[in-house]
1. Can you pull out the trypsin sites (Lys or Arg not before Pro) in region 196-261 that DSSP calls coil and that have at most 16 other Cβ atoms within 10 Å?
2. Using all Cα-Cα distances in region 219-311, what percent lands in each 10 angstrom bin from 0 up to the longest?
3. Determine the principal axes of the Cα atoms in the chain, then give the extent along each, sorted from largest to smallest and rounded to whole angstroms.
4. Using the Cα atoms of region 53-210 to build a convex hull, what is its mean projected area in square nanometres?
5. Report, in debye and to the nearest 20, how large the dipole of the chain comes out about its Cα centre when Lys and Arg carry +1 and Asp and Glu carry -1 on their Cβ.
6. Would you calculate, for the chain, the mean residue ellipticity at 222 nm contributed by helices, counting each DSSP H stretch of 4 or more residues as -39,500 (n - 2.57) and dividing by all residues, to the nearest 500?
7. How do C327, C71 rank when sorted from fewest to most other Cβ atoms within 10 Å of their own Cβ?
8. Hey, which aspartates and glutamates would be in cross-link range of K382, C-alpha to C-alpha under 16 Å, not counting anything within fewer than 8 residues on its own chain?
Amino acid sequence: MIGNFPITVDLPSEEILSSCIHCGMCLPVCPTYNMTFDEVSSPRGRIRLIKSVLEGSLEITETFIHEMNFCLDCQACESACPAGIKYGSLVEAARVQIENSDKVSQLSKFIKKVLFRKVIPNFRFLKFLSKLLRLYQKSSLRRAFYKIGLLKVFSKKLPEIDKLSPKISYFFSDEIFPEFVEAKNEKRFRVLFPVGCLMNVMFADVNKDTVELLTKLGCDVIIPPNQTCCGSLQSHNGDMEIARTLAKKTIDLFVRYDFDFIISNSAGCGAFMKEYGHLLQNELAYAERAKVFSSKVKDIMEFLYENFDISRYEFLNNSIITYHDACHLAHTQKIVDEPRKVLQQIKNLNYVPLNEATWCCGSAGIYNVVKYDYSMIILERKMNNIKNTNAKIVLTGNPGCLGQLRYGAERFNVDVQVLHPVTFLNKIISNGKI
Ligand code: SF4
Ligand code: SF4
């Protein structure tokens, strides 16, 4: 711990940092450095800044704030770093420091507090607001706003940001399943499924596919009622206090059940729940339970790879399929080969690898909203790579990437369907077709 800093961070030693000068392996993989070619926007430039601020030798300056927000927290640099510098926890610590400083306006703090503390964790309220948003998204009012250019009055980018927000699902996944859903075939596992905050209201179809797929493969699925958000969004936006509270609530709720694994279909949530053990290591009442909890968390593709053989299923279309790695799956959870190996078990799958598959798509939490222009530069690069595969279907395992790539297909005119791998697999297992 550094001073009264609210999370545990391992600052790299001066010795490691001096080796950075001759290394630079993180530079070619960093999307922001590749936009500016400015050392200060590179991982090693930022690490130096963060260390100075956390040690108190540098004030929080405008440059520091810009760099911490310009960074996508994609953690590609962490995967590339031979010295094992934990960049992700450094940038998140820096964001907490910024949020706690007087450099952030009271209004911005208030909006974030309401959003991350009152709206997102409260599923009832979140669903109520989602219903209103769904009405707006379907209404002629929205079309009229576009026609008369009303959104542009507030901000030139608002119409694009409005299009970028994923559509609210026509049902909410926590309302369609009972607490226990029985395995359809011979029972193999008993798993617990967190529906997620945004997944529940914006990607309810993916949650439905997940539960269906798991039961078809022989899993009893537990869907605890009264779930809350896992805390991932809050931690990435610098509010560790509420992130920790939500982690504890989630543990308290889930440990009431008897299960083999907790299955996540959202890379960001899975990555964060795997971190609970570390997050709560200094809290006596939770440290041990959090460690056990985290050891049971599996991403759905990791779980399928480790436990199932799906090689008897066949893909009956001849469309080319490709796969984009979500950063929180590839760089945070180090799950890269598993999804590809699961997919490649399917007979007649015309799989074409995606160039720069582990390069961020520019979604990165709320980055595509707050840094829209940079996000679009990154997205264009991704969509060009997808176009070059001639794929008709691109698969990706995170809600942020799903929304961003769907928007990218429309904006950059790429004829590709963007699906979560579980949606794809559920359909293949049902009838071999998409
Ligand atoms: S997290 Fe991503 S954007 Fe940030 S410094 Fe590392 S590679 Fe660059
Ligand atoms: S890869 Fe690691 S050691 Fe090398 S320059 Fe980047 S941060 Fe420094």
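Taken together, the values in this text are just the output of simple stated rules run on the coordinates, not laboratory data. Quantities reported herein were computed from a predicted structural model and do not represent experimental measurements. Here the Cβ is made from the backbone with ideal geometry for all residues, glycine too, and neighbour counts use every protein chain on show.
1. R256
2. 16, 50, 27, 6, 1
3. 61, 56, 45
4. Its Cα hull, projected and averaged over all orientations, spans 14.9 nm².
5. For this selection, approximately 1680 debye.
6. Counting only the DSSP helices, I get -14500 deg cm²/dmol.
7. Details: C327 29, C71 26.
Lowest count first: C71, C327.
8. Within the straight-line cut-off, K382 pairs with D325, E356, D373, E410, D415.
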